[in-house]
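The values are calculated or read from the model by the stated rules, or taken from the named source; none is laboratory data. All values reported here derive from a predicted model rather than from experimental measurement. Cβ placement follows ideal geometry from the backbone for every residue including glycine, while neighbour counts extend to all protein chains displayed. Side chains included, ligands, DNA and RNA excluded: accessible areas come from the protein's heavy atoms. Shrake-Rupley method; radii C 1.70, N 1.55, O 1.52, S 1.80 Å.
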Amino acid sequence: MVRFDDVGLRYGSGPAPEVLRDVSFALPQGSFHWLLGPSGAGKSSILGLMHLALRPSRGEVEVLGQPLTRLRRGALPGLRRRIGVVYQDFRLLPHLTVFDNVALPMRIAGRAEAQLRADVAEMLRWTGLDGKAGALPATLSGGEQQRVALARAVVTRPALLVADEPTGNLDGAQARRVLALLREMHRLGTTVVVATHAEGLVAEHPAPALRMSEGRLVAHG
Amino acid sequence: MARPPRVRRSRGRDPLGLRRALSDRLLPALVAAMALLAALALAGAQGAAELTARWETGAAAAVTVQLPPGAASGGRLERALAALEALPEVAGARLMSEARMQALLRPWLGEAPAVALPLVIELRLAELPASPEALAEQIAAAVPGGVVESHGVWVARLVALARSLQAVALAALVLVAGIAAAVVAVAVRAGIAARRAAIALLHDMGATDADIAGRFAGRAGLLVGTGALLGTLLAAPVLAGFADLAAPLLGRVPAGSLAGLPWESVPWGALALLPLLGAALGWLTAQATVRRWLRRLP
């Protein structure tokens, strides 16, 4: 499902130091993994490689069975549509309503308007936002915005869901609610990877973890 | 199953917010001004072409030599033709036919002129002379008793001038198109800068370069096409006014009033193409600008 083989990553083309070094692991299909480590350990870089926002400087990354180094650029959009991403800062489009934010991946995938309405409505119900369809993101609380971001990430039923500090900006109750939704996606068969600082949350929901430190994978299991 | 809620999603088809990022005021206004200039250049090129065509008829025989009616006898005409063709400045010399002569004089002398007509030799020159007067003296010396008319040399110079004007007008048209493309590129780059985060988000969700570039190109094409249409509409009365001013040069009578302007002289066909060409220019420029920028994304 997801495989990193001796992966190195450096930003830019100069002699900058690698932010990831010799990272190797494999995540089976349908698994749930925590991605742990302090700030700057390389968690976001790992997630960026997983959702194809980055390409490795060396080594091989395989996502959904596709080796990235051998994939043409033109083939990447199709692969990206099978991956859902939840960002710590939500990244909702402020001029779009909740409905349109959630519908965005389906419209990008070319789904007909008549078909996507029911799916988006179901997603809004699932995330407890069914009364907020016409609201703009600026009128929502942080927890509601993160649930919109989650609904948007999963509305296309992705095979892989990556979440970067999805509870970082939320209070305890909101964080638990978002995490419950992520666990629910895992139960439905999606491979889920969640990067977090929140050790307490990890303790409440034990699962295999990838632990990063200074760009290296220091523990897996 | 409950019916999905009906919600307002008027901006759902504009996820990049391009209606704000690519303003519908500044870009169309700039393009309208450029379309006006393009229309003027286009009309200038067409007007110069018309003048060229009209004057070329007069310049066909740049120099003529008239001989008295009796010169055909005694071999004088043949000697004159031979002497003229021997001049290096003359590419060809031929006697104007009687039928053509009568056709030229018909407006003044009627169908069957009662007077004896002179013999007219038309000269085709190898190149336009630097001094028509010196050439006229040279020809007069070669054909004693002949009357030389070299006004056609000046007409030919006017033709050359009109051709130059036509070339300058077309160059101005190309320049205006280039500036319009540059203005669109700058506007699109500003739009990209304003929507960088949204573009990156769509890219992460699997939007193709064609999809993202197509959204910019559609908006730019619409704005540029609208601006070009406005500029073209503004240009039409201006061009009709210019056509009226130029009427005497084309053998017409100026109208002098708005109602009587020669609207038929406005190049409507070419003007109708301007908004379409403008929209195409905007679309293509936006496509190229956005696709080039997107290449930096993985």
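The figures follow:
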quantity: Odd one out for residue A:102 among (1) more than 8 Å from every other protein chain (Cβ to nearest Cβ); (2) at pLDDT 95 or above; (3) surrounded by fewer than 22 Cβ atoms within 10 Å (Cβ to Cβ); calculated: (3)
quantity: Selection within region A:154-174 - open to solvent by 10 Å² or more (accessible area, probe 1.4 Å) and in a helix (DSSP H, G or I); calculated: A:172, A:173, A:174
quantity: Tally, over region A:75-99, of residues that are facing another protein chain (nearest Cβ under 8 Å) and without any contact (Cβ under 8 Å) to a residue 12 or more places away in the chain; calculated: 2
quantity: Residue within region A:111-118 that is modelled with pLDDT under 95, out of contact with any helix residue (DSSP H, G or I) (no Cβ under 7 Å at 6 or more places or on another chain), buried (at least 16 other Cβ atoms within 10 Å of the Cβ) and closer than 26 Å to residue B:14 by Cβ present; calculated: yes
quantity: Subset of region A:45-63 (residues that are surrounded by fewer than 20 Cβ atoms within 10 Å (Cβ to Cβ) and either part of a strand (DSSP E or B) or among the hydroxyl-bearing types (Ser, Thr, Tyr) (or both)); calculated: A:57, A:58, A:59, A:60, A:62
quantity: Enumerated helices (runs of 4 or more DSSP H) restricted to region B:11-112, each holding at least 2 residues that are within 14 Å of chain A (Cβ to nearest Cβ); calculated: B:18-21
quantity: Unmet requirement for residue B:124, which otherwise passes all of (1) farther than 22 Å from residue B:53 by Cα; (2) surrounded by fewer than 17 Cβ atoms within 10 Å (Cβ to Cβ); (3) touching a strand residue (DSSP E or B) at 6+ places or on another chain (Cβ under 6 Å); calculated: (1)
quantity: Breaking point among (1) in contact (Cβ under 8 Å) with a residue 40 or more places away in the chain; (2) closer than 23 Å to residue A:80 by Cβ, for residue A:11; calculated: (1)
quantity: Subset of region A:46-68 [within 21 Å of residue A:216 (Cβ to Cβ), more than 11 Å from every other protein chain (Cβ to nearest Cβ) and without any contact (Cβ under 8 Å) to a residue 60 or more places away in the chain]; calculated: A:57, A:58, A:59, A:60, A:61
quantity: Test set (1) crowded, with 16+ Cβ neighbours inside 10 Å; (2) part of a strand (DSSP E or B) - residue A:8 fails condition number; calculated: (1)
quantity: Residue under evaluation residue B:263, criteria (1) farther than 18 Å from residue B:27 by Cβ; (2) over 20 Å from the mean Cα position of the chain (by Cα), criterion not met; calculated: (2)
